Amino acid sequence: MISVEGLKVEFGVKPLFVDASFVINDRDRIALVGKNGAGKSTMLKILCGQQRPTAGNVSVPTDCRIGYLPQVMILQDDTTVREEAQKAFADITQLKARIDKMNQELAERTDYESESYLALIEKYTTEHERYMMLGAENYEAEIERTLMGLGFLRTDFERPTSEFSGGWRMRIELAKILLQKPDVLLLDEPTNHLDIESIQWLEQFLAQSSSAVVLVSHDRAFINNVSNRTLEISCGRVVDYKVKYNEYVVLRKERREQQLRAYENQQKEVAEMKDFIERFRYKATKAVQVQQKIKQLEKIVPIEIDEVDNSAMHLKFPPSLRSGDYPVICDEVRKDYGAHTVFDHVTLTIKRGEKVAFVGKNGEGKSTLVKCIMGEIPYTGELKIGHNIQIGYFAQNQAQLLDENLTVFQTIDNVAKGDIRLRINDILGAFMFGGEESDKKVKVLSGGERSRLAMIRLLLEPVNLLILDEPTNHLDMPSKDVLKEAIKAFDGTAIIVSHDREFLDGLVTKVYEFGGGRVREHLGGIYDFLRSKKISELNELGQTDKNVQQEKSLSVSQSAASNKNSSDSKPVASQEALSKALDYAERKEQQKRIKRIEKAVKESESKIEKMETRLKELDELLMQPENASDMTLVMEYTSTKKCLDEEMDRWEKLNEELAQ
């Protein structure tokens, strides 16, 4: 689909990457990885044509449509959410306007026998058939399905985009790109502004999409669930791994070990040559051999080793005072903004040493409760902060509070205490501020670099209650690993607001879910929470069946009770046996249903694939001038498209049933 040959990009003395060659094929799911500054975003800009390389070619077929979501974009504020999403169907909207205009003209005219009237009818018929072939009747439903999948409510559709935060407006742009159904999707950090539910929806959407996908993301779970191929930019080269991200991590480790062994052997060989040259440089009898060694030394191409992974380095928070047993206690806490209630009846207790997560859709009050705990905003109810609490707080705007006139090194040196000062350079290196980067002034750093620097400062302050609000948005994977290990080793209490499942996994032991103005407590880790949430939804959907089963169990119990003998233990045992038998039969029946649905899903997918293939063939035929007026092909295209839409609806219902 897209072919890249001999790509080279130079911004300074050292090229960003050289001789990069690869091909993006249909249905590829490519994770583009590499350290910060390796050139991932630059590569996406080159692929979509926004930037030109220094050398090399990018071949894109003329009929190939590319959708590109950058990390930052300029957004418009003069439309509603629905109107902005409808821009994805601009061609269809214009076509509908033309059809409506012709329809009105046909209704008003009375010269039924004139040539112009007959020509108008023919044009109207052609345009209307084209409108139906494009699936225009369903585009409003597609808009609603996509917007709701990305976390919008129906009540949001008519709200002006200016009322939404930057993160939500980025979701609108993502929705527009997904609705356009491009042949290739280029996504640069699409999960930064999504909550867990929206990320899971996007995973499912990309898995079902027929588009090729190239994505940059630091959400390990997301790229592993989506990718089937990994392109790594390392040491100025692009290395193609034909595996998903988790398998790539293993292969990369093996490759680096091979590089290291080859590098050590080369260094040993170079040292021996230099030793020989120095020892026999001035001996006439060895002059020929010395010259040969010098020539061999000049021809040696130094072996480069991939960047050293510093994620194994362990950081520890400096010791602090022991806090009280209950750092945070909320009792009937409520927060209102005018007539809007963010949350109400919030009652929770966080014990010393607990690591808890605040999760939920954006706008449900996670950051608001954090600000209440910090005393930054007023609230009603009772909120107590425990004895001897020293809070370390990382807000989403923390990076803006740094002193712009200090260097990176000075910023950290000012807060580091004790032996940790001897390791400042190692710490900065772990967060991608190694070498000359540590001498940069804060004012020249990007937003992501400032966030990383603010995170390092927090890691060095003596605190016993750590509150982190979206700490991983601008951290790459090695930096996230360093932070995660530091929090796990932290002997204080931690509250983490995050949508990053991989980061929270193994880190938190309790999850507080924000939604619908309530805060619900879930014991266990993040994946326990996600599993329990699905079970809860199933119970709600199957409430009627559950009631029937309860009635059956009750009648069985009553029957057993009426026939009980003098021994009290027998009826109890009988009741337990009956209950287990019912549970077993229920599980067996559920397994049979799952297998039936899975089989139906596979059959549906096979039908969809055949119909999509046939539609492509018909598209190619209809684009040929001699077939443009072939009504047989047009009718087949229309009927196939209708069948495809029906089958897609059936496939979605089957998947929903299977998920339940």
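The values are calculated or read from the model by the stated rules, or taken from the named source; none is laboratory data. The structure displayed is predicted, hence computed values, not measured ones. Heads up, the Cβs are rebuilt from the backbone with ideal geometry, glycines too, and the neighbour counts pull from every protein chain shown. These accessible areas exclude ligands, DNA and RNA; they are computed on the full protein's heavy atoms, side chains included. Shrake-Rupley method; radii C 1.70, N 1.55, O 1.52, S 1.80 Å.
A few points about this structure:
- Volume of the convex hull of the stretch 246-286 (Cα atoms only), normalised per residue: 40 Å³.
- Calculated over the stretch 394-503: convex hull of Cα atoms, volume per residue (Å³): 97
- Hydrodynamic radius by Kirkwood, which averages 1/r over all alpha carbon pairs of the stretch 78-161, in angstrom: 14.8
- Beta-bridge orientation, the stretch 163-260: approximately 50 percent antiparallel, per DSSP, counting only bridges with both partners inside.
- Electrostatic bookkeeping for D19 treats Lys and Arg as +1 and Asp and Glu as -1; over the other residues with beta carbon under 12 Å from its beta carbon, the sum is +1.
- A straight Cα-to-Cα reach below 16 Å connects K283 with the aspartates and glutamates D275, residues fewer than 8 places away in its own chain not being considered.
- Pairwise label distance in nanometres, S532 with I594, each label 7 Å out on the Cα-Cβ vector: 2.1
- Sites listed here are chymotrypsin sites (Phe, Trp or Tyr not before Pro) in the stretch 89-126 whose DSSP assignment is loop and whose Cβ has at most 10 other Cβ atoms within 10 Å: Y112.
- For the stretch 147-237, the solvent-accessible area works out to 30 Å² per residue, with a probe of 1.4 Å and every protein chain left in place.
- Rounded if a/c under 1.5, otherwise prolate or oblate - the stretch 337-395, Cα gyration tensor axes: prolate
- For S227, distant residues with modelled amide H under 5 Å away: Y245
- The stretch between D100 and D275, if pulled fully straight at 0.36 nm per residue, gains 54.3 nm over its current Cα-Cα span.
- Local electrostatic count, L7, Cβ distance below 14 Å [Lys/Arg +1, Asp/Glu -1]: +1
- Taking label positions 7 Å along the Cα-Cβ direction at both K295 and K181, the computed distance is 6.5 nm, reported to one decimal.
- Computed extension length for E83-K610: 186.3 nm, one decimal, from 0.36 nm per residue of separation with the Cα-Cα distance subtracted.
- Remark: the Cα gyration tensor places the stretch 197-332 in the oblate category, a/c being 1.5 or greater and a/b not exceeding b/c.
- Sequence-distant residues sharing a close amide H with G392 (under 5 Å, placed H): N464, L465, L466, I467
- I385-M148 FRET efficiency (beta carbon distance; Förster radius 51 Å; 0.05 resolution): 0.85
- Calculated FRET efficiency for the pair E108/R159, C-beta based, R₀ 45 Å, to 0.05: 0.75
- Packing-based ranking of 285-297, 20-32 yields 20-32, 285-297, ordered from highest to lowest mean Cβ neighbour count within 10 Å.
- Stretching T93 away from T509 to a fully extended chain increases their span by 144.7 nm, per 0.36 nm per residue minus the current alpha-carbon distance.
- Structure note, pairs K443/K480; K45/K510; K87/K361; K510/K595; K8/K286; K8/K295: Cα-Cα distances above 32 angstrom occur for K45/K510; K510/K595; K8/K286.
- Database remark: amide H of V497 closer than 5 angstrom to the amide H of F358, L468, D469, E470 (H placed geometrically; neighbours at sequence offset of 5 or more, or on other chains; Pro and chain starts carry no H).
- Applying 1/(1 + (r/R0)^6) with r as the Cβ-Cβ distance of T632 and E332 and R0 = 56 angstrom yields a FRET efficiency of 0.20.
- The stretch 1-154: translational diffusion in µm²/s, Stokes-Einstein, Kirkwood Rh over Cα pairs, 4 °C, 1.567 mPa s: 64
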